[in-house]
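Single-structure report; data block below.
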Amino acid sequence: MTTQYYTATSLDGYIATEDNSLEWLFPLGNVNDTSYPAFIAEVGALAMGSSTYEWMLRHAQTVTAETGSAWPYTQPTWIFSSRKLPAIPGAKLHFVQGDVRPVHAAMQGAAGGKNLWVVGGGDLAGQFYDAGLLDEVIVQIGSVTLGKGKPLFPRRLTSPPLRLDSVRQVGTGFAELRYTVPRPAA
């Protein structure tokens, strides 16, 4: 069981625009050409920040058109938010706040031995990293720049640095990088 941060970013390091839009992402390629189909098949539980969840709520028609459902995940999902958010009927959602450690333990229990996906945003992935719970970063770097927005990983991570495991070109719009998150020396 691996805890993974799988995401896409602009060349200048933003996962969304300053108004939480992901529209920049879609013209760059087809998700079925990426590692996503194989990746999601190995995921047993998800953690998601409120901005990502709210984007999905605002774009329910687009999500439904793409996936056939307003909620594209069958896995249980923990939504981190300090606000009360509406639930999506039929989705296995848990609304939580605070420390990621007890949520990570609950996710492990629900995942059935499969991997855990920290969907986003970057700060939520950083909280899993800060708690020593992040094992892998899989990032698809798009061939666009946004100038400003929501950062990929708003943490200083220098010692030890991530270990690059693989690089793969995805069409003409993406480079996919896979990193292992090393544990700091004791």
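Rule-based calculations on the coordinates, nothing more; no lab input. Keep in mind that this is a model prediction, so the values were computed, not measured. Virtual Cβ from ideal backbone geometry, glycine too; neighbours counted across all protein chains shown.
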- prompt: Sequence-distant or interchain residues sharing an amide H contact under 5 Å with T9, placed H: which?
  reply: Q140, I141, G142
query: Of the beta bridges DSSP finds with both residues in the range 3-180, what % are antiparallel, to the nearest 5?
result: 40 percent
- line: By Cβ neighbour count within 10 Å, fewest first, S50, S69 rank S69, S50
task: In whole angstrom, note down how far apart the Cα centers of the range 141-186 and the range 84-127 are.
output: 22 Å
query: Based solely on its DSSP helices, what 222 nm [θ] is calculated for the chain when runs of n ≥ 4 H residues each add -39,500 (n - 2.57) and the sum is averaged over all residues, nearest 500 deg cm²/dmol?
result: -6500 deg cm²/dmol
message: I need the calculated FRET efficiency for the pair V144 and R183, taking r as the beta carbon distance and R₀ as 41 Å, to the nearest 0.05.
response: 0.75
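Relative to the compact globular guide of 2.2 N^0.38 Å, what is the alpha carbon radius of gyration of the range 1-79, as a ratio? Walk me through the numbers before you get to the answer.
Values: Rg = 12.9 Å, N = 79, 2.2 N^0.38 = 11.6 Å.
Rg over 2.2 N^0.38 Å, computed on Cα atoms: 1.12.
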task: Using only the Cα atoms of the range 33-103, construct the convex hull and provide its projected area averaged over every direction, in square nanometres to one decimal.
output: 5.4 nm²
task: May I have the convex hull volume per residue, in Å³, for the Cα set of the chain?
output: 122 Å³
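So how strong a dipole does the range 3-180 carry about its Cα centre when Lys and Arg Cβ are +1 and Asp and Glu Cβ are -1, to the nearest 20 debye?
Details: 13 positive and 15 negative charges, 65 e Å.
So the dipole magnitude of the range 3-180 works out to roughly 320 debye.
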query: So what's the range 146-186 giving for Cα Rg divided by 2.2 N^0.38 Å, two decimals?
result: 1.49
- prompt: For T74 and R101, what does the FRET efficiency come to when R0 = 25 Å and r is the distance between their Cβ atoms, rounded to the nearest 0.05?
  reply: 0.50
- request: Excluding residues on the same chain fewer than 8 positions from K84, give the lysines whose Cα lies under 19 Å from its Cα.
  value: K92
message: Within 10 Å of each candidate Cβ there may be at most 12 other Cβ atoms; applying that plus a DSSP loop requirement, which trypsin sites (Lys or Arg not before Pro) in the range 70-116 survive?
response: R83, K84
message: What aspartates and glutamates does K114 reach when the alpha-carbon gap must be under 18 Å and sequence neighbours fewer than 8 apart in one chain are set aside?
response: E42, D135, E136
statement: Looking only at aspartates and glutamates whose Cα falls under 15 Å of K148's and that sit 8 or more positions away or on another chain, we get D12, E18, D19, E23
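Which ordering of T158, T9, T62 is given by a fewest-first count of other beta-carbon atoms within 10 Å? Don't jump to the answer; show the numbers that get you there.
Working: T158 7, T9 24, T62 14.
Arranged by neighbour count, lowest to highest, T158, T9, T62 become T158, T62, T9.
DSSP H helices in the chain with Cα extent of 27 Å or more along the helix axis and mean Kyte-Doolittle hydropathy at least 0.5?
Span-like helices, by this rule, are absent here.
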